[in-house]
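The values are calculated or read from the model by the stated rules, or taken from the named source; none is laboratory data. Keep in mind the model is a prediction, meaning the values are calculated, not measured. Backbone-built Cβ (ideal geometry, glycine too); neighbour counts: all protein chains shown. We work out accessible area using only protein heavy atoms, side chains counted, and drop any ligands, DNA or RNA first. Shrake-Rupley method; radii C 1.70, N 1.55, O 1.52, S 1.80 Å.
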Amino acid sequence: MEALTCLCDALVPSLQASSLHHDLNTDNRHQSSFESLGIGRRNVDDINAFYKLSASEAGVPPVVAGMLTNALKCKLMAISILLWLLSTAIGTFLLGGWATVSKDYPYIRCYSHLESKQQERVLQGWSLSSIPPFRAIFKLFKSIVLWAYYCKIDTNGDNPTWKAIGYCGPDPQVASANLLHSKQISHNQFGDHVIDAKQAGECLKSRLSDAGCCMIKDLKGFTALVSKESGRAAPNSNDIGIECDVVIVGSGSGGGVVAAVLAEKGYKVVVLDKGEYYAPDDISTLEGPSILSLYEKCGTLATEDGGVSLAAARTIGGGSTVNWCVCFKTPENVRNEWVQDFGLQLFASEKYEQAMEVVWKRLSVQEVTNKHNLPNSILQNGCKRLGLNCATLARNSSADHYCGWCSFGCPTGKKQSTPETWLLDAVKTNNTLILSNCEAKQILHSPNLTGKKPRQALGVMATIEDGTRVTRLFVKASATIVACGSLMTPPLLLNSGLENKNIGKNLHLHPAQAVWGIFPEGSGPEGTSYEGGIMTAYSRVSRRDSSSYGALLETLCLHPGIFAAFIPWCSGMDAKQRMLHYSRTVHICSVTRDKGSGSVRVDRNREPTFDYTLSDYDEETMMIGVDQALRVLVAAGATQIGTHQFDGECFCVQGAHTADFEAYLARVRQRGAKKLRVTLVSAHQLGSCRMGMDPQSSAVDPRGETWEVQGLFLGDGSLMPTSPGVNPMVTIQSIAYCIADAVAESLKLC
């Protein structure tokens, strides 16, 4: 903990206000010097306190320790060894090199006994090291420590840094006492149709019985199928068995649609989700608590090498609960590719066209926006001045939806996520039960003596963990649908004994790299970077070879914790100075349609692991978008620009010559998007169990049914043969709508 505390304070040290603000101690409490810096008329005391507040003084080290312990269990041993080495003199020298050697005896010392500048130089060395593991270590600690520093709240829901950086905290509408009177949807919109399996505790069995579930008394046949890895144990009194027509694992864009379609056809449906259900009234829009509760691994999920951060939801509604409302129909060129290259006639059919229309209508997609916020206005203005294409994004929210907190759920219900649409439709039929905090561990299947496929699906074994108590739930069903998303569907299949070689392969991430520009207060459009509709405009980026594998320029909304975790860190002072410009720093990202792919596998502990390396082709595509985005920011009036490349180079636009700007762009392109030298992010994970015409090249058949197990279907983004190159929500839901019809047809034959 001593070593960890010193690492935290090296990243966020206690400082005196920069010499740039030499007049801060005068009697004028709102000085014009800040206005000249473009950070507005902020209180001097707030900014002085911000500079002086270190990570340890803010209580960050225990928070970081908790996250490392709970969210990164698989890497805990390596982290512990690292911190132990830093607590020794020789270990500190081995990890920090000559930067740790002192002039006075003892010449080598443990990390906590180094001077603060030496501690900082160790981190700087890691960040730009030629050895990837050192860069990974730096990224891990830098991201978690800075996130915790800007997200940690007191008992009043406040953070001492927010006033200095110009952040208002949670959505002001949520903080308003009048919000309860403007709710469109009541807290109990699902009524008794959603059961928190963990909270139900010993009453779960009676709660299920009261909900009309058909209980199974003899579970011997099911418990015998449970593998050792999934928790094989003799039948016990905690085991619960229920029976239904259809069991669905996952409640996101795929699972929600399948549930609604089948429930409306009269089938009894049980939906299992390991996440928790948050009604609109429950949503705080506080960044820290929201990310900890709504995202996989508390928001720390990443590829095995740490090269790509993976934003994936863990809540009822899945990604639709936390996404940014963007709606694209499946592009025609992508559909043609799936037909011609993979033989999937579904995507050329009238059936798929109708599915897209049904989805579009059910999501109440609006193709107009009443008002664009600061980042989207900048994107529009820059593109217009450069003569580039720029269009308004369609969204599954009202035209007046002007909220920058969509990443943390929707407290008003205006965003038409799955809980507000398809799941609501499903429970209104009285044919659907949703179980939250209930994690599927294994798909149960037995030899198929009559069908064409070797195995027959029987249902799902899930667990409910309440402290030390573990309850196993067996759900017997005629049809089983797995819709856990492209990251979690393959591990469930692999842990259930499926062996198709394509399960987990062909993972696409739509990798994104962001660039930023500062627009001082008083210049450019009004507002802040974190308020208003997050994504309302976009611009297409094309490759020079006319390939369909281009990119999209879209804006980002980064609240302080994620902002600090993503931007470059060159020193403690540099990081705090960057944060002073937080509220007027606009981000544009290059979202790449990746041609290359990665994979999902399970480790020896049966936990999911993700491998992904950006191909040279995709890196080139991404950097074309980065180049274009930087030009857009300059054209729109940015005074300073930069990227998320670890070196942290900034370019001051004011007074610079065109040749200087072009030289800067050349350096950015030269650095590229090499692994662990830039922050890369993925919010769209796709294709890891792709659909196809044969088991040699795909994981499921054209109906979405697995090649190995009859009655086992997939219904999420993992089915896509390639990356679509656009925000995938409508495509996922349209495919799921068609899969639901295939499931219904199979049920008729049972």
Query raised in the report: Which of the residues belonging to segment 66-89 are closer than 20 Å to Glu120 by Cα and either open to solvent by less than 30 Å² (accessible area, probe 1.4 Å) or among the β-branched types (Val, Ile, Thr) (or both)?
Result: Ile79, Leu82, Leu86, Thr88
Query - Within segment 639-677, considering residues that are of a type in the set (S, T, N, Q) and either assigned to a loop (DSSP other than H, G, I, E, B) or touching a residue at least 24 places away in the same chain (Cβ under 8 Å) (or both), the one most open to solvent (accessible area, probe 1.4 Å) - result: Gln654
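Would you confirm, using the coordinates I've provided, whether Pro133 is open to solvent by 20 Å² or more (accessible area, probe 1.4 Å) and out of contact with any His (no Cβ under 9 Å at 6 or more places or on another chain)?
Yes, satisfied.
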Query raised in the report: Are there any helices (runs of 4 or more DSSP H) wholly within segment 1-95 with 2 or more residues that are under 30 Å from Pro106 (Cα atoms) and either at pLDDT below 95 or of a type in the set (D, E, K, R) (or both), and if so which?
Result: 2-11, 76-86
Query raised in the report: helices (runs of 4 or more DSSP H) wholly in segment 203-289 with at least 1 residues that are modelled with pLDDT under 85 - which ones?
Result: 204-210, 220-223
Query raised in the report: Among the residues of segment 450-465, is there at least one that is on the phi < 0 side of the Ramachandran plot, in contact with a Cys (Cβ under 7 Å, 6 or more places away or on another chain) and at pLDDT 95 or above?
Result: yes
Report task. Test Gly256 against the criterion of being open to solvent by 20 Å² or more (accessible area, probe 1.4 Å) and either within 30 Å of Val743 (Cα to Cα) or in contact (Cβ under 8 Å) with a residue 24 or more places away in the chain (or both), and give yes or no. Result -> no
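Just the residues that are over 30 Å from the mean Cα position of the chain (by Cα) and in a strand (DSSP E or B), please, taken from segment 439-468. Full working, then the answer.
First, the residues of segment 439-468 that are over 30 Å from the mean Cα position of the chain (by Cα): 445-458.
Hits for segment 439-468 are His445, Ser446, Pro447, Arg455, Gln456, Ala457, Leu458.
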Report summary line: Looking across segment 234-253 at residues that are closer than 21 Å to Leu686 by Cα and among the hydrophobic types (A, V, I, L, M, F, W, C), the single one that is surrounded by the most Cβ atoms within 10 Å (Cβ to Cβ) is Ile248
Report summary line: Residue hits (segment 510-522; in contact with a Ser or Thr (Cβ under 9 Å, 6 or more places away or on another chain) and either under 30 Å from Gly596 (Cα atoms) or open to solvent by 40 Å² or more (accessible area, probe 1.4 Å) (or both)) are His510, Pro511, Ala512, Gln513, Ala514, Val515, Trp516, Gly517, Glu521
Requested in this report: Keeping to segment 94-109, report how many residues are within 14 Å of Phe134 (Cα to Cα) and open to solvent by 40 Å² or more (accessible area, probe 1.4 Å).
Outcome: 1
Query raised in the report: Name the helices (runs of 4 or more DSSP H) wholly within segment 520-635 that hold at least 2 residues that are at pLDDT 95 or above and under 19 Å from the mean Cα position of the chain (by Cα)?
Result: 560-566
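Rundown of residues vs (1) open to solvent by 40 Å² or more (accessible area, probe 1.4 Å); (2) over 25 Å from the mean Cα position of the chain (by Cα), yes/no style:
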position	(1), (2)
Lys268	yes, yes
Leu272	no, no
Glu287	no, no
Glu304	yes, no
Thr315	no, no
Cys327	no, no
Arg335	no, yes
Gly343	no, yes
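Restricting the search to segment 630-646, which residues are touching a strand residue (DSSP E or B) at 6+ places or on another chain (Cβ under 9 Å) and under 22 Å from Thr592 (Cα atoms)?
Within segment 630-646, Leu630, Val632, Leu633, Val634, Ile641, Gly642, Thr643, His644, Gln645, Phe646 qualify.
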Report task. Please verify whether segment 471-486 includes one or more residues that are surrounded by fewer than 22 Cβ atoms within 10 Å (Cβ to Cβ), in contact with a Gly (Cβ under 9 Å, 6 or more places away or on another chain) and closer than 16 Å to Glu705 by Cβ. Result -> yes
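From Thr412, Thr480, Thr471, grab the single residue that is β-branched (Val, Ile, Thr) and under 22 Å from Leu294 (Cα atoms).
Selected residue: Thr412, the only one of Thr412, Thr480, Thr471 that is β-branched (Val, Ile, Thr) and under 22 Å from Leu294 (Cα atoms).
Residues of segment 416-451 being of a type in the set (D, E, K, R) and touching a strand residue (DSSP E or B) at 6+ places or on another chain (Cβ under 7 Å), which ones? Steps first, please.
Here is the first cut: in segment 416-451, the residues of a type in the set (D, E, K, R) are 420, 425, 428, 439, 441.
Answer for segment 416-451, where residues must be of a type in the set (D, E, K, R) and touching a strand residue (DSSP E or B) at 6+ places or on another chain (Cβ under 7 Å): Glu439, Lys441.
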Requested in this report: Determine the pairs where a residue that is touching a residue at least 24 places away in the same chain (Cβ under 8 Å), located within segment 439-458, has a partner that is basic (Lys, Arg) with Cβ atoms under 8 Å apart, the partner being 6 or more residues away or on another chain.
Outcome: Glu439/Lys274; Ala440/Lys274; His445/Arg455; Ser446/Arg455; Asn448/Arg455; Leu458/Lys476
Report summary line: Here the qualifying pairs (Cβ atoms under 7 Å; residues six or more apart or on different chains; first in segment 348-363 and over 22 Å from Pro419 (Cα atoms); second of a type in the set (Lys, Arg)) come out as Ala348/Arg335
Report task. Could you check, for segment 334-342, whether at least one of its residues is over 21 Å from Ser548 (Cα atoms), in contact (Cβ under 8 Å) with a residue 12 or more places away in the chain and assigned to a helix (DSSP H, G or I)? Result -> no
Report summary line: Residue count, segment 699-717, condition within 18 Å of Asp341 (Cβ to Cβ) and either under 25 Å from the mean Cα position of the chain (by Cα) or touching a residue at least 24 places away in the same chain (Cβ under 8 Å) (or both), comes to 2
**Report entry** Members of segment 387-438 that are hydroxyl-bearing (Ser, Thr, Tyr), in a loop (DSSP other than H, G, I, E, B), touching a helix residue (DSSP H, G or I) at 6+ places or on another chain (Cβ under 6 Å) and more than 13 Å from Ser251 (Cβ to Cβ)
**Finding:** Thr429
